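Q: Input: one structure, supplied below.
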Amino acid sequence: QRDRARSSREVIKEAGQDEFIENFYDKHGTTKFTGYESSEGRSKLLNIKKLEDGNSMMIFNKTPFYAESGGQKADTGLIQGDGVEIKVLDVKKQKEIFMHIVKIISGEDKLAEGVELNLEVNLSRRNEIKKNHTATHLLHKALKIVLGDHVAQ
């Protein structure tokens with residue numbers, strides 16, 4: 001779990017990524033996470049970028065998708081709109097900017113900055129991940145009580 005937490009702090013490994021994030025931040029600021037209130041919502045596309053592996057990265061003004069953090073895996077789900085279907089594979093966060101790693105199924109020609117789309121988290125998967133994450137914390141606490149404070153996660 002420690003390795004997963006460490007890797008969650010890594011950014012998408014592409015040339016110029018840090019510069020891209022800085023430029024995005026200067027233009028738009030941070031993006032808003034709405035996932036504590038809702039698992040779906042309508043959002044405006046602020047940026048789309050093709051990745052070297054054939055997938056794409058999309059940034060919205062707000063998102064219900066949780067980015068991998070603290071060892072908890074990122075949400076997956078769907079993004080849909082008029083003739084658009086996109087599968088969310090992963091979500092990364094850098095400088096409070098949520099980046100959705102996606103596979104575009106249909107409607108790529110309809111995607112442009114400013115278009116509004118519906119974002120929907122796979123809620124059953126999120127709930128299973130939350131249960132596992134909570135169980136890990138409970139187990140860690142129990143181990144510390146029984147074995148002592150030297151136990152590290």
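The values are calculated or read from the model by the stated rules, or taken from the named source; none is laboratory data. A quick note: this is a predicted structure, and the numbers were derived from the prediction, not measured. Please note: Cβ atoms are built from the backbone with ideal geometry, for glycine as well, and neighbour counts cover all protein chains shown.
Listed here are the residues, each with its yes/no results for (1) modelled with pLDDT of 95 or more; (2) of a type outside the set (S, T, Y); (3) surrounded by fewer than 18 Cβ atoms within 10 Å (Cβ to Cβ).
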{"residue": "G16", "(1), (2), (3)": "no, yes, yes"}
{"residue": "F20", "(1), (2), (3)": "no, yes, no"}
{"residue": "Y36", "(1), (2), (3)": "no, no, yes"}
{"residue": "E40", "(1), (2), (3)": "yes, yes, yes"}
{"residue": "T63", "(1), (2), (3)": "yes, no, no"}
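Q: Kindly indicate whether K131 is farther than 24 Å from E19 by Cβ, basic (K, R) and modelled with pLDDT of 95 or more.
A: Spelling it out, it is not the case that K131 is farther than 24 Å from E19 by Cβ, basic (K, R) and modelled with pLDDT of 95 or more.
Q: Output the residue which, of all residues in the stretch 100-151 that are of a type in the set (G, A, S), free of Cβ contacts under 8 Å to residues at least 60 places away in the same chain and loosely packed, with under 12 Cβ neighbours inside 10 Å, is farthest from T63 (Cα to Cα). It would help to see each step written out before you state the result.
A: Step one: of the stretch 100-151, the residues of a type in the set (G, A, S) are 106-107, 112, 114, 124, 135, 142, 148.
Next, only the ones that are free of Cβ contacts under 8 Å to residues at least 60 places away in the same chain stay: 106-107, 124, 135, 142, 148.
Subset that is loosely packed, with under 12 Cβ neighbours inside 10 Å: 106, 124, 135, 142, 148.
Details: S106: 21, S124: 18, A135: 26, A142: 35, G148: 40 Å.
Applying the filter and picking the extreme gives G148.
Q: While we're here: If you go through the stretch 42-99, how many residues are assigned to a strand (DSSP E or B), without any contact (Cβ under 8 Å) to a residue 60 or more places away in the chain, more than 13 Å from V121 (Cβ to Cβ) and polar (S, T, N, Q)?
A: 1
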